[in-house]
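> Sending over a structure as structure tokens; questions will come in a sec.
The values are calculated or read from the model by the stated rules, or taken from the named source; none is laboratory data. Computed from a predicted structure; not experimentally measured. Note that each Cβ is placed from the backbone with ideal geometry, even for glycine, and that neighbours are counted across all protein chains shown.
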Amino acid sequence: MSSTRAWVRQHRLTTFFLLTYLVSWAPWPLAEAGLVPEAYFFFPGGPLVAAVVVIALADGAAGYRELLARLLRWRVGWQWYVVAIALPALLVLATGWAVSWLGGAAPDLSGVVWADVAIVLAVRLVDPTDGAMGEEPGWRGYALPHLQLGTSPLGAATVLGVLAAGWHLPLVVTGNLSAVGLPTTVLITFLYVWLFNRTGGSLLMPLLFHASQGAFTYGMLGFDDADLRRAALVYLGFVAVAVAATVAFDRATWRTAPPSAVPAVPGPAALARR
């Protein structure tokens with residue numbers, strides 16, 4: 001066990017990403033073999049499980065306290081709550097308007113039950129088997145701070161975006177996610193990183209963003225299949241514009257992560273966390 005702990009301490013990120021893929025993808029071959037229900041072929045809570053395991057092996061109680069402190073970091077300014085909750089909805093509404101402008105059907109919000117949207121958002125904040133709580137403590141709460149020890153936020157966002165997109169591959173192969181969802185995941189990761197760093201390493205803000213992103217989607221705008229395919233491309237375009245805006249108008253945020261957005265380990269010891 002001591003040799004395992006030593007290896008994990010020296011290869012925290014490698015261990016985290018391998019475990020994330022393994023835990024989330026493990027049900028896939030079992031579902032293909034008919035050993036588990038097809039609905040459970042992919043486990044969204046892989047990043048959370050991987051973070052919990054790696055922290056146990058490499059950091060212990062201090063690591064859990066740091067992760068919890070990020071989750072409870074709520075004093076960030078009211079405007080960031082607005083960004084975290086409203087920006088995903090604005091991207092969806094802009095997508096609906098653009099699809100209509102390009103010749104598609106007008107978005108129809110009459111079927112949206114806003115109370116249900118609010119309930120879904122709230123549940124996603126606490127359900128570890130869902131994409132928000134199941135992913136954010138791992139991707140942004142653990143992996144991102146460690147990535148930012150050795151590279152700029154821009155570089156960290158690139159690495160994390162590619163690995164998070166690759167993690168979604170089983171969903172594409174099985175038809176549960178369109179292929180456009182992969183580049184969208186890469187790009188929207190930059191928004192998560194920007195929000196995390198601009199709020200001093202608050203995990204709560206990316207968690208709210210992710211919950212909002214899944215509670216209100218362009219799939220709820222009443223589009224047919226053709227318009228939904230068009231909406232996926234348009235949504236990708238709007239995400240790209242939003243990312244470009246943060247890079248163009250907030251360059252300093254992308255150069256260096258604030259001290260509160262990297263692991264709280266001083267001096268050379270911090271390098272061992274990579």
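> Could you list, ordered by first residue, the pairs with Cβ atoms under 7 Å in which the first is in region 240-264 and in contact (Cβ under 8 Å) with a residue 60 or more places away in the chain and within 20 Å of L147 (Cα to Cα) and the second is surrounded by fewer than 17 Cβ atoms within 10 Å (Cβ to Cβ) and among the β-branched types (V, I, T), at least 6 apart or interchain?
Listed pairs, sorted by first residue: W254/V247.
> Could you list all residues from region 97-125 that are assigned to a helix (DSSP H, G or I), of a type in the set (A, V, I, L, M) and either over 26 Å from the mean Cα position of the chain (by Cα) or under 13 Å from G222 (Cα atoms) (or both)?
If the condition is that a residue be assigned to a helix (DSSP H, G or I), of a type in the set (A, V, I, L, M) and either over 26 Å from the mean Cα position of the chain (by Cα) or under 13 Å from G222 (Cα atoms) (or both), then V99 is the only one that fits.
> If you scan region 216-225, which residues turn out to be surrounded by fewer than 23 Cβ atoms within 10 Å (Cβ to Cβ) and either aliphatic (A, V, I, L, M) or under 14 Å from the mean Cα position of the chain (by Cα) (or both)?
Across region 216-225, the qualifying residue is only M220.
> Which condition breaks for Y235 when tested against (1) at pLDDT 95 or above; (2) surrounded by fewer than 19 Cβ atoms within 10 Å (Cβ to Cβ); (3) assigned to a helix (DSSP H, G or I)?
(2)
> From the list L87, L93, L121, L68, which residue is surrounded by fewer than 14 Cβ atoms within 10 Å (Cβ to Cβ) and modelled with pLDDT of 95 or more?
Answer to the selection: L68.
> From the residues in region 255-274 that are surrounded by 13 or more Cβ atoms within 10 Å (Cβ to Cβ) and assigned to a loop (DSSP other than H, G, I, E, B), which one is modelled with the lowest pLDDT? Working first, answer last.
In the first step, residues of region 255-274 are kept if they are surrounded by 13 or more Cβ atoms within 10 Å (Cβ to Cβ); the result is 256-258, 260-265, 270, 272-274.
So of that shortlist, the ones also assigned to a loop (DSSP other than H, G, I, E, B) come out as 256-258, 262-265, 274.
On the way: T256: 96, A257: 97, P258: 96, V262: 96, P263: 94, A264: 82, V265: 57, R274: 42.
Across region 255-274, the extreme among qualifying residues is R274.
> Kindly state which helices (runs of 4 or more DSSP H) lie completely within region 127-188 and contain at least 1 residues that are closer than 25 Å to S260 by Cβ, in contact (Cβ under 8 Å) with a residue 60 or more places away in the chain and in contact with a Lys or Arg (Cβ under 6 Å, 6 or more places away or on another chain).
Passing ranges, in order: 131-138, 144-150.
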